[in-house]
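Below: one structure, written as C-alpha cells.
The values are calculated or read from the model by the stated rules, or taken from the named source; none is laboratory data. The model shown is predicted, which means the values in this text are computed figures rather than measured ones. Methodologically, a virtual Cβ is constructed for each residue, glycine included, from the backbone with ideal geometry; neighbour enumeration extends over all protein chains shown. Calculation scope for accessible area: heavy atoms of the full protein, side chains included, ligands and nucleic acids excluded. Shrake-Rupley method; radii C 1.70, N 1.55, O 1.52, S 1.80 Å.
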Amino acid sequence: MTSDVRTLEWTGDGLRLLDQTALPGRVEYLVARDVGTLVDAIRRLAVRGAPALGVAGAFGVALAVLQAGREGWDDAARDAAIARIRTARPTAVNLAAGVDRVLPFARKGAGAVAAEAQALLEEDVRGNRAIGAHGADWLRDRVGDRPLRVLTHCNAGALATAGWGTALGVVRELHGRGRVEIVYADETRPLLQGARLTAWELDRAGIPCVVQADGAAPSTILRGLVDAAIIGADRIAANGDTANKIGSVGVALACHAAGIPLVVAAPWSTVDLALPAGDGIPIEERPAAEILAWGGERTAPERVGAVNPAFDVTPARLVTALVTETGVLEVAAGVTPGDRRVRPSRRSDRPSW
Ligand code: MRU
C-alpha cells in the first residue's frame, strides 16, 4: 500500500504545498516562490506537522537564496529572511533543524540547497516506513497479533510529513498486515486536524475510523475500547518528555490509568538532546480568536479572553514507547533518548541498538 498524498514538492523555482487549510472539502495546492508566502503558509498551518515543517524550512532556504538573487538582497537581508522561516513556529524542533541542515549549502546556490532539502524529504519518507514497521512489530509483540483498536490525536500522517506518516505510518503498516479493527481519530481542537486531516487520510486509505471529540478520548480509553494510543511529537527532550498537540496529555493519563500503551512515533530528528527535560520546550500560543469564535461567529462572550496553547508536554513516565526509524525505546521503563547507549548515528536508517 502506498500513500498518494504529496504534501510538499520542489518545482525548481518554488515549493508546491498541499494547502491543508482547505481539506477535506477541497484539494488545493499553493506554490510559495518567496519567503513571505512560505512563512504565512507555515503560520496559518497550510503546511504543518513537525517533519513537514522541517522539509518546508529546508526548501525555504532555497527560496531565500533565489529571492536574494532576484531582489538584490545583501547577506544580512538574506539571513534575516532565513531567520524568519526558522522561527515561524517555535515548538517543532524539526523546523529549525531543517533550516540548519541545509544552511551550509547556501554559499553554493539555491540548487545545492534544494538538493539537500530533497535528500531530507526522501529520508523522511524512508524513515516513516521504518517507523511504521518498528511500531507495528512492537505492538504485535507487546499488545497482540490481532486487529487492534487504536486511538490517535491530531494528524501525524502523510500530511504532517513528507509522506506516509509517523503515527499514521504505524497505522498504515498495521492495516497492511490486516491488524486494524478501528481507529479513533480525536477531532483535535482548536483547528480540527484530526477531524479534517486524519479522517481524510484514513478514509482515502480505506482504514476504518471514527472521529470523536477530544473530551471523549479519556472515556473511550477507560471504557476498554482502545488497545493502544499512537501519537506523533513536535519535540522530545533527552529524558523522553514529549511535546505534541494540545490534548495529548489527557490521552496519556487515560492510557496510564487504563494500563494500555501510549506509543509516540517520531523521527529521531524530533529528539532535542540539547533539552534535558520537557519544561524547556517552547510552547506556541495561538491567536485567541481560534477558540473564541466558530465559523467566523463569536461563541464566547465579548469580554472573555482565552488561552490557546497549541501543544502540551507529556511526561516521560507516561510514554510507554518511543518509535523512531532506528528502533523502539521503552521510555517509561527508563530507556530515554538521552541515554548514550541508544543514540543512533546521524542519518542512519539502520537500527543501532
Ligand atoms: O499544529 P500542528 O498541526 O502542526 O501540530 C501537529 C502535531 O501536533 C503532530 O502530532 C506532530 O507535529 C507530529 S507530525 C508527524
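Each semi-axis of the equivalent ellipsoid for the chain is √(5λ) with λ an eigenvalue of the Cα gyration tensor; in descending order they amount to 31, 24, 19 Å. Taking the DSSP bridge list for the chain and keeping only pairs wholly inside it, about 50 percent are antiparallel. The stretch between T21 and R70, if pulled fully straight at 0.36 nm per residue, gains 14.7 nm over its current Cα-Cα span.
Looking at region 130-352, the accessible area is 39 square angstrom per residue; that uses a 1.4 Å probe and ignores ligands, DNA and RNA.
Neighbours of L15 by Cβ distance under 13 Å: Lys/Arg scored +1, Asp/Glu scored -1, total -2. Our note on the geometry: Cα centres of region 49-74 and region 188-235, 33 Å apart.
Here the calculated FRET efficiency for R126 and L253, from their Cβ-Cβ distance with R0 = 22 Å, stands at 0.05, rounded to the nearest 0.05.
Just so you know, the Cα atoms of region 78-125 work out to an Rg and Dmax of 10.9, 30 Å. Looking at P147, P276, V313, which one has the Cα that reaches farthest to the positive end of the dipole of the chain (charges on Cβ: Lys, Arg +1; Asp, Glu -1)? The Cα lying farthest towards the positive end belongs to P147. With the Kirkwood sum run over all distinct C-alpha pairs, region 187-248 has a hydrodynamic radius of 13.1 Å.
Derived from the Cα gyration tensor, the three semi-axes of the equivalent ellipsoid of region 8-122 are 21, 14, 13 Å, largest first.
Of the trypsin sites (Lys or Arg not before Pro) found in region 259-353, the ones in coil according to DSSP and having at most 13 other Cβ atoms within 10 Å of their Cβ are R303, R346, R347. For region 130-352, with all protein chains present and a 1.4 Å probe, just round the carbon and sulfur fraction of the accessible area to a whole percent. Carbon and sulfur atoms account for 52 percent of the accessible area of region 130-352.
Note on region 261-353: Rg/Rh from C-alpha atoms, Kirkwood Rh, equals 1.16. Angle of helix 248-258 to the longest C-alpha principal axis of the chain, folded into 0 to 90 degrees and rounded to 10: 20°. List the trypsin sites (Lys or Arg not before Pro) within region 187-279 that fall in a DSSP loop (any state other than H, G, I, E or B) and whose Cβ has at most 11 other Cβ atoms within 10 Å. Of the trypsin sites (Lys or Arg not before Pro), the ones in loops of region 187-279 whose Cβ has at most 11 other Cβ atoms within 10 Å are R223. Would you work out the relative contact order for the chain, in percent, from Cα pairs under 8 angstrom that are 6 or more residues apart? Computed over the chain, the figure is 15 percent.
Spherically averaged projected area of the convex hull of Cα atoms, region 169-316: 10.1 nm².
Extension gain, A293 to D279, is 2.0 nm, computed as 0.36 nm per intervening residue step minus the present C-alpha separation. Each helix, a run of at least 4 DSSP H residues, gives -39500 (n - 2.57); summed and divided by the residues of the chain, these come to -11000 deg cm²/dmol at 222 nm. Between region 1-44 and region 88-141, the alpha-carbon centres lie 17 Å apart.
Placing R0 at 30 angstrom, the Cβ-Cβ distance between V31 and D79 gives a FRET efficiency of 0.80 after rounding to 0.05.
Legend: residues W294, W73, W164, W200, sorted from most to least accessible area (1.4 Å probe; ligands, DNA and RNA excluded), read W294, W73, W200, W164. Solvent-accessible surface of region 23-92, averaged per residue with a 1.4 angstrom probe and all protein chains in place: 39 square angstrom.
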